[in-house]
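Peer 1: Take this structure first; my questions come after.
The values are calculated or read from the model by the stated rules, or taken from the named source; none is laboratory data. Worth saying up front: this structure is predicted, and the values here are computed from it rather than measured. A quick note on method: Cβ atoms are made from the backbone with ideal geometry, for glycine too, and the neighbour counts reach across all protein chains shown.
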């Protein structure tokens, strides 16, 4: 009977944490869009969601290895359903919290437009190619000039060689 009471207490504590998270997510609407208080509040929500997940894992493990008086199949199924429902609620709250974070990101940064980013990248790519072409043309001029100088020096050396011999 003591292990059953322990499981019920653990479940009630997990349910209380879930209610706290729900309330905290609701409170978040009244906070400013950004700032240290909002960040602390978001961090507290994340921490509680993690704690709730850990508690639910503990409840699940208590069900898989019962101690003390064995539970009836009906009671075991009822408890499994209770844990599954609470886990579903926790997942929904986590999703709602993450979606609100995504909405805050969009309000700060604006909606992400991949098409705009791609066209900007193509424009940058084209301007980079134009710069490379101009650089290569200048390099070609320099190489041709150096070649002409080298040929002139070669002719001068040939002339000096013939004069010496």
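Peer 1: What's the number of the condition residue 38 fails, among (1) surrounded by 14 or more Cβ atoms within 10 Å (Cβ to Cβ); (2) touching a helix residue (DSSP H, G or I) at 6+ places or on another chain (Cβ under 7 Å)?
Peer 2: It is condition (2) that residue 38 fails.
Peer 1: Okay, next question. In the range 61-90, how many residues are modelled with pLDDT under 90 and over 36 Å from the mean Cα position of the chain (by Cα)?
Peer 2: Count: 11.
Peer 1: Please enumerate the residues belonging to the range 62-75 that are surrounded by 11 or more Cβ atoms within 10 Å (Cβ to Cβ) and in contact (Cβ under 8 Å) with a residue 12 or more places away in the chain.
Peer 2: The answer is 62, 63, 66, 67, 68, 71.
Peer 1: State the number of residues belonging to the range 42-61 that are free of Cβ contacts under 8 Å to residues at least 24 places away in the same chain and buried (at least 17 other Cβ atoms within 10 Å of the Cβ).
Peer 2: Residues in the range 42-61 being free of Cβ contacts under 8 Å to residues at least 24 places away in the same chain and buried (at least 17 other Cβ atoms within 10 Å of the Cβ): 0 in total.
Peer 1: Here's another thing I want to ask about it. Would you please name the residue that is farthest from residue 59 (Cα to Cα), looking only at residues in the range 17-41 that are in contact (Cβ under 8 Å) with a residue 24 or more places away in the chain and either more than 22 Å from the chain's Cα centre (by Cα) or part of a helix (DSSP H, G or I) (or both)?
Peer 2: Filtering the range 17-41 for residues that are in contact (Cβ under 8 Å) with a residue 24 or more places away in the chain and either more than 22 Å from the chain's Cα centre (by Cα) or part of a helix (DSSP H, G or I) (or both), the one farthest from residue 59 (Cα to Cα) comes out as 28.
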